[in-house]
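Reviewing the structure listed below.
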Amino acid sequence: MGSIISPIREPLVTGNKTYNQITEDICAPTERAPSISWVIAFSVANVLAAVFLFTSAWTIWQGVGTWDLNRTIGWGWDITNFVWWIGIGHAGTLISAILLLFRQKWRTGVNRAAEAMTIFAVAVAGQFPLIHMGRAWFAFFVFPYPNTRGPLWVNFNSPLLWDVFAISTYATVSVLFWYVGLIPDLATVRDRARGFRKKIYGIFSFGWTGSAKHWQRWESLSLILAGLATPLVLSVHTIVSFDFATSVIPGWHTTIFPPYFVAGAIFSGFAMVQTLMIITRYVLKLQDYITIAHIESMNKVILLTGTMVGVAYLTEVFVAWYSGYIYEQFAFYNRAFGPYWFAYFAMMTCNLVSPQIFWFKKMRRNLYVTFIMSIFVNIGMWYERFVIIATTLARDYLPSSWSLYSPTWVEIGIFIGSIGVFFTLFLIFVRVAPVVAIAEIKHILKSSGDQYLEKQKEYVQKQQFSEKN
Amino acid sequence: MQSFSFAAGERKFFGICMIIGVISLIITYLTDDPLNSRFWSNILINASFFTGIAFITLFLYAAKILAYSGWHAQFKRIMESFYMFLGIGLIFMVVLGLGTVMGFHSLYEWNNEMLVSEDIIIQNKSAFLNPMWYMFATIVFGASWFFVARQLRALSLKEDKVGDIEFKVHKRMKVWAAIMLPLGGFTSAAAIWLWLMSLDAHWYSTLYGWYTGSSWLVASVAFLILTIIYLKERGYYPKVTDDHFHDLGKYLFAFSVFWAYLWFSQYMLIWYANIGEATVYYQTRLEYYPFIFYANVAINFILPFFVLLRNDTKRKKGTLIFVSIFVIIGHWLDKFLMVVPGVDYTTKKILSATNPEAAAEFSRLIMPGFLEFGVFIGFIGLFGYFVFTSLSKAPLVASKDPYLEESLHHHVV
């Protein structure tokens with residue numbers, strides 16, 4: 001990385017920090033007793049997680065008949081939730097891998113928490129296909145291996161099977177990436193700890209000593225993992241989109257689905273990062289590391305990806321008309337004016353219209369607006385999946401098999417509960433590991449710390465704008 | 001700062017290229033079928049290709065301004081020269097548009113009254129597929145891009161004179177860049193549908209616009225790499241180092257992979273669903289143009305992927321030149337494959353109805369011949385002449401760019 005930084009860039013570490021202060025600030029939350037707000041939040045999350053366990057157990061015990069799925073609508077809230085969570089799980093690896101390759105320094109403030117969020121979101125997402133199987137104890141049937149069930153193999157032509165491979169690969173690489181990044185920081189925590197705590201962190205930091213050799217290997221491993229993870233960011237949601245786009249269902253079979261799903265996933269992932277980060281930076285007092293500049297950058301990504309998704313929506317509608325294919329035309333007419341019009345309306349307003357507020361710098365830098373917008377986007381992206389799945393299936397080729405679908409209490413419970421599981425995991429994470437990558441923040445301090453940027457400005461003034469030029 | 005002088009030898013070289021192009025066009029015209037389909041499709045292939053390269057360079061330039069990208073600051077003048085070519089490229093597109101209005105070419109099936117009158121599918125699309133829309137998209141959308149291009153270029157030159165450490169000019173450039181992204185994002189799709197996708201008037205694909213854009217993007221980066229290497233050989237840009245080439249190589253690699261991703265997505269989904277209306281597009285290409293069909297993937301994906309995957313090949317000029325030349329030809333072939341099958345189909349149909357004798361003589365153009373390459377060389381000459389002229393009109397390095405110092409001290413790894 002260049003050591004010269006343009007003064008047009010904003011500082012990414014504020015408050016005139018020293019290396020020691022960085023360690024103190026970021027390690028502190030793991031070293032003190034949990035605050036009362038954490039305890040309350042954790043209890044609520046736990047209750048919701050219990051709801052998840054109960055409703056999933058109910059589904060498995062009673063059968064998938066406890067849901068409102070029927071002969072035409074084979075996928076409802078479950079797959080909607082699955083795609084929603086998988087989408088959320090995109091931002092972490094995008095931030096850690098693609099932004100690492102692009103040398104975007106602002107990633108350091110948020111990458112750790114975003115990666116953690118990714119892993120938890122993917123873990124939650126993975127539950128839905130499992131529950132949907134009904135006989136979840138036969139889940140291992142999805143893996144292809146020579147078995148004793150006769151010549152019974154998985155269907156390699158099915159995108160649902162590709163999903164199994166894509167998501168498990170993605171989860172593996174994401175966990176590796178996140179954990180490798182954590183090692184130096186866990187060692188920092190270990191070095192400050194005493195007694196049993198030191199032992200535990202000692203085990204988890206794999207004997208990291210911080211020698212030059214360790215750092216060198218750590219750097220190259222990070223880069224290799226980034227290279228591997230980058231295509232994965234695209235592949236996972238591409239293959240999720242194949243679940244729909246390979247079929248000959250109007251509204252599903254359209255070639256723009258792969259990149260449009262990826263853009264939508266990044267969009268929703270960043271929205272969830274915003275939701276979490278705005279709370280985290282406030283509760284853990286990390287405003288100097290997750291600055292308004294970070295929030296603004298992420299809002300720009302949200303604006304960009306939201307508008308890309310918007311281009312895709314409008315392209316789909318246009319091409320449905322252009323195709324001259326009446327079933328395709330009906331599918332889109334039905335989305336906008338059929339029984340689920342409210343879902344389409346929510347999707348369009350939350351995903352395409354409302355992010356346009358971020359054209360204004362004031363709005364991008366306003367925490368309240370950002371927080372509300374992030375919730376809007378989360379809602380909008382959930383509705384997008386619902387629109388794609390339910391409205392399409394509810395209006396089949398055959399009007400005689402048309403029907404409607406509304407979730408039962410079990411399905412609602414599973415969805416609300418899944419949010420509880422996600423937050424339970426995230427809240428544990430903020431207690432046990434540094435939420436911001438200490439080592440990486442230290443790495444950018446000399447180039448992006450506020451006190452150093454002043455000196456950069458003097459240098460650039462002298463080099464580029466003095467009289468001799 | 002250094003300024004570029006357009007040497008006599010270079011003028012001669014590009015001039016000869018252009019003469020080759022003109023001669024090829026004349027020969028094509030003289031030996032063509034009664035509808036002059038080969039002549040006009042040659043113009044469409046190249047005009048849309050180079051207009052597209054100019055457009056996407058403008059798009060990339062705007063994106064880089066908004067993304068706080070700094071490492072390219074040294075050679076951003078080359079990108080500016082590329083996107084100013086919009087002014088020339090769009091003239092060709094307007095001529096093609098006039099052709100749809102006045103009927104002096106018959107590239108588009110939807111523009112032939114006789115064919116449309118017996119085709120209900122095209123009739124249903126006539127609200128969009130008509131000369132008025134074609135002209136509107138080409139002139140209004142094209143002019144809006146060119147307007148933004150001129151604004152950005154003018155501000156960039158102004159910054160050289162009045163730029164200071166407050167970067168006021170740069171902040172105004174950001175406004176235009178922010179306008180360009182949604183403007184280009186929404187309007188380019190319509191232009192691409194009209195210019196290229198509508199050649200196969202029945203067929204449609206939602207991904208087509210992004211696919212075409214990604215193809216232009218790879219070609220744009222390849223031209224950028226070749227230009228920088230050439231200027232560096234001539235002694236300009238002493239501070240452009242292997243690190244810059246490394247990043248440019250990464251662009252070439254990454255955008256090639258991205259192009260392949262979109263190619264695969266479009267092909268695979270159409271193949272998998274196996275709906276006749278959609279597969280016919282690939283069916284034609286696989287049946288009559290198998291060589292170009294596979295060469296397209298081999299040159300534009302397999303070659304850059306395996307050559308540029310290594311670290312060091314992105315830092316060596318030899319490998320970069322090699323890959324750049326190949327992918328430029330490759331993406332031009334891709335355009336050939338997008339244009340020619342549809343035009344041949346339409347031509348044959350019109351001729352069989354109006355001129356059975358000529359229809360019997362008419363044969364499919366399954367490979368680009370010398371004339372096609374001749375016209376391509378002509379357009380390269382025109383593009384190169386234009387780029388070098390506009391480079392010679394302004395300092396080569398934008399001395400007051402906010403990121404210049406970063407770019408001068410750029411280090412990868």
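The values are calculated or read from the model by the stated rules, or taken from the named source; none is laboratory data. Everything quoted here is computed from the prediction, not taken from an experiment. Using ideal geometry, Cβ is built from the backbone for each residue, glycine included, and neighbour counts are taken over all protein chains shown. For accessibility, only protein heavy atoms count, side chains too; no ligands or nucleic acids. Shrake-Rupley method; radii C 1.70, N 1.55, O 1.52, S 1.80 Å.
May I ask you to verify whether B:Lys250 is within 13 Å of another protein chain (Cβ to nearest Cβ), open to solvent by 40 Å² or more (accessible area, probe 1.4 Å) and not in a helix (DSSP H, G or I)? I'd like the intermediate steps shown before the answer.
On the way: within 13 Å of another protein chain (Cβ to nearest Cβ): yes; open to solvent by 40 Å² or more (accessible area, probe 1.4 Å): yes; not in a helix (DSSP H, G or I): no.
No; evaluated as a whole, the condition is false for this residue.
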- Apart from one, (1) surrounded by fewer than 21 Cβ atoms within 10 Å (Cβ to Cβ); (2) more than 14 Å from chain B (Cβ to nearest Cβ) all hold for A:Met373; the odd one out is (1)
- Looking at (1) under 30 Å from B:Ser106 (Cβ atoms); (2) under 25 Å from the mean Cα position of the chain (by Cα), find the lone condition where B:Lys125 falls short. (2)
- Is there a residue in segment A:404-416 that is open to solvent by less than 20 Å² (accessible area, probe 1.4 Å) and part of a loop (DSSP other than H, G, I, E, B)? yes
- Could you say whether any residue in segment A:27-43 is closer than 24 Å to A:Arg103 by Cβ, away from chain B (no Cβ under 14 Å) and part of a loop (DSSP other than H, G, I, E, B)? no
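So is A:Arg194 at pLDDT 90 or above and open to solvent by 20 Å² or more (accessible area, probe 1.4 Å) or not? Step through it out loud before you land on a result.
Working: at pLDDT 90 or above: no; open to solvent by 20 Å² or more (accessible area, probe 1.4 Å): yes.
Judged against the criteria, A:Arg194 is not a match.
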- Counting just the residues of segment A:421-464 that are aromatic (Phe, Trp, Tyr) and over 20 Å from A:Ala28 (Cα atoms), which one comes out least open to solvent (accessible area, probe 1.4 Å)? A:Phe422
- Task: State which residue pairs qualify: first residue at the interface with another protein chain (Cβ under 8 Å from one of its Cβ atoms) and inside segment A:222-250, second residue assigned to a helix (DSSP H, G or I) and surrounded by fewer than 18 Cβ atoms within 10 Å (Cβ to Cβ) in any location, beta carbons under 7 Å apart, and separation of 6 or more residues or different chains.
- Result: A:Thr246/B:Tyr272
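Restricting attention to segment B:264-299, report how many residues are within 14 Å of chain A (Cβ to nearest Cβ) and either open to solvent by less than 30 Å² (accessible area, probe 1.4 Å) or not in a loop (DSSP other than H, G, I, E, B) (or both). Walk me through how you get there before you give the answer.
Step one: filter segment B:264-299 for residues within 14 Å of chain A (Cβ to nearest Cβ), giving B:264-282.
Adding the requirement that they be either open to solvent by less than 30 Å² (accessible area, probe 1.4 Å) or not in a loop (DSSP other than H, G, I, E, B) (or both) leaves B:264-273, B:276-282.
Residues meeting the conditions: 17.
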- Note on the structure: The correct count of residues that are loosely packed, with under 12 Cβ neighbours inside 10 Å and touching a residue at least 40 places away in the same chain (Cβ under 8 Å) in segment A:32-46 is 1
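Hey, could you check segment B:156-189 for residues that are aliphatic (A, V, I, L, M) and surrounded by fewer than 20 Cβ atoms within 10 Å (Cβ to Cβ) and say which is farthest from the other protein chains (Cβ to nearest Cβ)? Steps first, please.
Initial filter on segment B:156-189 (aliphatic (A, V, I, L, M)): B:157, B:162, B:165, B:169, B:173, B:175, B:177-181, B:183, B:189.
Now narrow it down to the ones that are surrounded by fewer than 20 Cβ atoms within 10 Å (Cβ to Cβ): B:157, B:162, B:165, B:175, B:178-179, B:181, B:183.
On the way: B:Leu157: 16, B:Val162: 11, B:Ile165: 5, B:Val175: 11, B:Ala178: 7, B:Ile179: 10, B:Leu181: 8, B:Leu183: 11 Å.
Only one residue tops the list, namely B:Leu157.
Evaluate segment A:90-109: report whether one residue or more is modelled with pLDDT of 90 or more and of a type in the set (Ser, Thr, Tyr). Lay out the reasoning, then the answer.
Keep residues of segment A:90-109 that are modelled with pLDDT of 90 or more, which gives none.
Within segment A:90-109 (the criterion being modelled with pLDDT of 90 or more and of a type in the set (Ser, Thr, Tyr)), the answer is no, since none of the residues qualifies.
What helices (runs of 4 or more DSSP H), lying completely within segment B:79-158, carry at least 1 residues that are under 25 Å from B:Ser37 (Cα atoms) and among the basic types (Lys, Arg)?
On the way: elements: B:86-102, B:113-117, B:120-125, B:131-136.
Because the criterion is at least 1 residues that are under 25 Å from B:Ser37 (Cα atoms) and among the basic types (Lys, Arg), the helices (runs of 4 or more DSSP H) in segment B:79-158 that meet it are B:120-125.
From the list B:Leu371, B:Leu351, B:Leu391, B:Leu382, pick out the single residue that is closer than 30 Å to B:Lys158 by Cβ, assigned to a helix (DSSP H, G or I) and either more than 18 Å from the chain's Cα centre (by Cα) or free of Cβ contacts under 8 Å to residues at least 24 places away in the same chain (or both). Before you say what the answer is, go through the steps one by one.
Working: B:Leu371 fails: closer than 30 Å to B:Lys158 by Cβ; B:Leu351 fails: closer than 30 Å to B:Lys158 by Cβ; B:Leu382 fails: either more than 18 Å from the chain's Cα centre (by Cα) or free of Cβ contacts under 8 Å to residues at least 24 places away in the same chain (or both).
Among B:Leu371, B:Leu351, B:Leu391, B:Leu382, only B:Leu391 is closer than 30 Å to B:Lys158 by Cβ, assigned to a helix (DSSP H, G or I) and either more than 18 Å from the chain's Cα centre (by Cα) or free of Cβ contacts under 8 Å to residues at least 24 places away in the same chain (or both).
Listed residues B:Ser205, B:Ser198, B:Ser214, B:Ser220; which is open to solvent by less than 20 Å² (accessible area, probe 1.4 Å), among the polar types (S, T, N, Q) and away from every other protein chain (no Cβ under 11 Å)?
Details: B:Ser205 fails: away from every other protein chain (no Cβ under 11 Å); B:Ser198 fails: away from every other protein chain (no Cβ under 11 Å); B:Ser214 fails: away from every other protein chain (no Cβ under 11 Å).
After ruling out the rest, the residue left standing is B:Ser220.
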- Message: Just checking, does segment B:228-239 include any residue being crowded, with 18+ Cβ neighbours inside 10 Å, among the β-branched types (Val, Ile, Thr), more than 13 Å from every other protein chain (Cβ to nearest Cβ) and out of contact with any Pro (no Cβ under 7 Å at 6 or more places or on another chain)?
- Response: yes
- Message: Filter segment B:270-291 down to the residues that are at negative phi, free of Cβ contacts under 8 Å to residues at least 40 places away in the same chain and not hydroxyl-bearing (Ser, Thr, Tyr) and list them by number.
- Response: B:Trp271, B:Ala273, B:Ile275, B:Gly276, B:Gln283, B:Leu286, B:Glu287, B:Pro290
- Item | Neighbours by Cβ (under 9 Å, 6+ apart or cross-chain): first from segment A:268-287, free of Cβ contacts under 8 Å to residues at least 24 places away in the same chain; second assigned to a helix (DSSP H, G or I) and open to solvent by less than 10 Å² (accessible area, probe 1.4 Å) | A:Arg281/A:Gly109; A:Arg281/A:His294; A:Arg281/A:Ile295
- If you go through segment A:351-365 one residue at a time, do you hit one that is under 17 Å from A:Ile388 (Cβ atoms) and surrounded by 17 or more Cβ atoms within 10 Å (Cβ to Cβ)? yes
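Going by what's in this entry, would B:Ile91 be described as under 15 Å from B:Ile192 (Cα atoms) and surrounded by fewer than 17 Cβ atoms within 10 Å (Cβ to Cβ)? Working first, answer last.
Numbers: under 15 Å from B:Ile192 (Cα atoms): no; surrounded by fewer than 17 Cβ atoms within 10 Å (Cβ to Cβ): yes.
Against the criterion (under 15 Å from B:Ile192 (Cα atoms) and surrounded by fewer than 17 Cβ atoms within 10 Å (Cβ to Cβ)), B:Ile91 does not qualify.
Applying the selection to segment A:142-164, what residues are outside any loop (DSSP other than H, G, I, E, B) and either of a type in the set (Val, Ile, Thr) or in contact (Cβ under 8 Å) with a residue 40 or more places away in the chain (or both)? Break it down stepwise before answering.
Looking only at segment A:142-164, we keep the residues that are outside any loop (DSSP other than H, G, I, E, B), and these are A:142, A:159-164.
Listed by number, the residues that qualify are A:Val142, A:Pro159, A:Leu160, A:Trp162, A:Asp163, A:Val164.
When the residues of segment A:106-141 are narrowed to those that are outside any helix (DSSP H, G or I), in contact with a helix residue (DSSP H, G or I) (Cβ under 7 Å, 6 or more places away or on another chain) and under 24 Å from A:Gly74 (Cβ atoms), which ends up most open to solvent (accessible area, probe 1.4 Å)?
The initial filter retains those residues of segment A:106-141 that are outside any helix (DSSP H, G or I), namely A:106, A:133-135.
If we keep only those that are in contact with a helix residue (DSSP H, G or I) (Cβ under 7 Å, 6 or more places away or on another chain) as well, we get A:106, A:133-134.
Now restrict to residues that are under 24 Å from A:Gly74 (Cβ atoms): A:133-134.
Details: A:Met133: 79, A:Gly134: 13 Å².
Here the answer is A:Met133.
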- Counted residues, segment A:323-349 - those being within 14 Å of another protein chain (Cβ to nearest Cβ), assigned to a helix (DSSP H, G or I) and in contact (Cβ under 8 Å) with a residue 40 or more places away in the chain: 4
- Residue satisfying all of: in segment B:389-413; more than 9 Å from chain A (Cβ to nearest Cβ) and not β-branched (Val, Ile, Thr); most open to solvent (accessible area, probe 1.4 Å) among these: B:Lys393
- Query: Does segment B:345-361 hold any residues that are hydrophobic (A, V, I, L, M, F, W, C) and surrounded by 19 or more Cβ atoms within 10 Å (Cβ to Cβ), and which are they?
  - Reply: B:Ile350, B:Leu351
- Task: Hey, could you check segment A:421-469 for residues that are touching a Gly at 6+ places or on another chain (Cβ under 9 Å) and within 30 Å of A:Ala125 (Cβ to Cβ) and say which is nearest to the other protein chains (Cβ to nearest Cβ)?
- Result: A:Glu440
- Message: Quick check on segment A:390-399. Is at least one of its residues among the hydrophobic types (A, V, I, L, M, F, W, C), open to solvent by 10 Å² or more (accessible area, probe 1.4 Å) and in contact with a Gly (Cβ under 8 Å, 6 or more places away or on another chain)?
- Response: yes
